[in-house]
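The values are calculated or read from the model by the stated rules, or taken from the named source; none is laboratory data. Predicted model, so just to flag it, every value in this text is computed and none were measured. We place every Cβ from the backbone using ideal geometry, glycine too, and count neighbours over all the protein chains shown. SASA here: full protein model, heavy atoms, side chains in, ligands and nucleic acids out. Shrake-Rupley method; radii C 1.70, N 1.55, O 1.52, S 1.80 Å.
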Amino acid sequence: MPAEPIRLPLSQLAIADLPGDTPVAPDADRAHWLLRVRAWARALQSLRGRDVALACEDGFEFSAALFGAWQAGATPWMPADALPATLQRLHDAGLAFAGDLPGGMQAMDGDDGIEMHELDADACALVLFTSGSTGEPAAIRKTLRQLDAEVGALESAFGATVGDAVVHATVSHQHIYGLLFRILWPLSTRRPFARRRLAYTEQLTALGPQPVALVASPAHLKRLPETQDWRSLSQGLQVVFSSGGALPVDAARDVQRLWAQAPIEVFGSTETGGIAWRRGDGSRAPWQPLPGVEW
């Protein structure tokens, strides 16, 4: 059984004394990640003290750009979409654009002697947006210290269950759930995460039998085709998480029947972060508070 990963504080990820061949993604190691962090820090260094809208479809590149922005002293904003109205609001707020956004700043390989430093957990922050389900999406600021506390709670609650699995996701990292579960938690615990989001259920059948942790949503889990061959996934699936809405009882039972795993439902919001969890086995078991949460 592999040793439980030692969790690194997010503020120290870029300076930690780790082997360069430590996997970050299935096809990329830490040496490559640090190269890209330095490249993004150089590209964004002119934005020190400013806000920058950041979006990258590739999760590996996004993670490097995020930490590069923090190294450069910029504050990343994470738009939930790239609709014209969204982009116009960001432009009107005076934000620069980076990554996949129209006209976004790019990072070329090479570091020009850029030195990595430990990040100030209180000064470094990012801005996410609420879903807008009850009105206009609201901008929510999260400090690196708050994000690190969330990651620590996840590892404490679920680390032993995830083990050494590769993290795959059907959700975007532009929202708090995907950001934490798909990017920051794996980085902190040295678990590799897949670059690309799985948009279709057919892609899930290609996963396994190697250990897999799946970060999903009710929208995907309640539409699992009975006709697909789930044997490979069910052999490797260590855990499946569901958040972003209530998981219907029938969907939870289907996941358990087809994938041999009762999904773990996580309750929270952009404003509060993670609050509670329960096994989605159809029994509607009571919610359990995540570590550090009191009620």
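What separates the Cα centres of region 230-295 and region 142-196 is a distance of 15 Å. Shape summary: region 178-272 maps onto an equivalent ellipsoid whose semi-axes, from the alpha-carbon gyration tensor, are 21, 18, 11 Å in decreasing order. When the chain is treated as a GNM with alpha-carbon contacts under 10 Å, the residue of Ala72, Ala246, Ala53 showing the greatest mean-square fluctuation is Ala246. This model, with +1 at the C-beta of Lys and Arg and -1 at the C-beta of Asp and Glu, gives the chain a dipole about its Cα centre of some 520 debye. Under the combined filter of DSSP loop state and at most 16 neighbouring Cβ atoms within 10 Å, region 131-236 retains these GluC sites (Glu not before Pro): Glu226. Per residue, the chain exposes 44 Å² of solvent-accessible protein surface, assessed with a 1.4 angstrom probe and all protein chains in place.
For the chain, with all protein chains in place and a probe radius of 1.4 Å, 52% of the accessible heavy-atom surface sits on carbon or sulfur. Plainly put, region 76-199 has a radius of gyration that is 0.98 times its Kirkwood radius, both from alpha-carbon atoms, as the Rg/Rh ratio. The chymotrypsin sites (Phe, Trp or Tyr not before Pro) found in region 144-229 that occupy coil by DSSP, while having at most 12 further C-beta atoms within 10 Å, are Tyr200.
In loop segments of region 67-169 as defined by DSSP, there are no trypsin sites (Lys or Arg not before Pro) with at most 12 further C-beta atoms inside 10 Å of their C-beta. DSSP bridge analysis restricted to the chain gives an antiparallel fraction near 40%, rounded to the nearest 5. Counting only alpha carbon atoms, the long axis of helix 59-72 and the longest principal axis of the chain meet at about 40°. Protection proxy ranking for 210-219, 15-24, using the average of other Cβ atoms within 10 Å per residue and placing the highest first: 210-219, 15-24.
Rounded to the nearest 5, the antiparallel percentage of DSSP beta bridges internal to region 20-177 is 45%. Classify region 50-108 as rounded, prolate or oblate, taking a ≥ b ≥ c as the square roots of the eigenvalues of its Cα gyration tensor: rounded when a/c is under 1.5, otherwise prolate if a/b is larger than b/c and oblate if not. Oblate.
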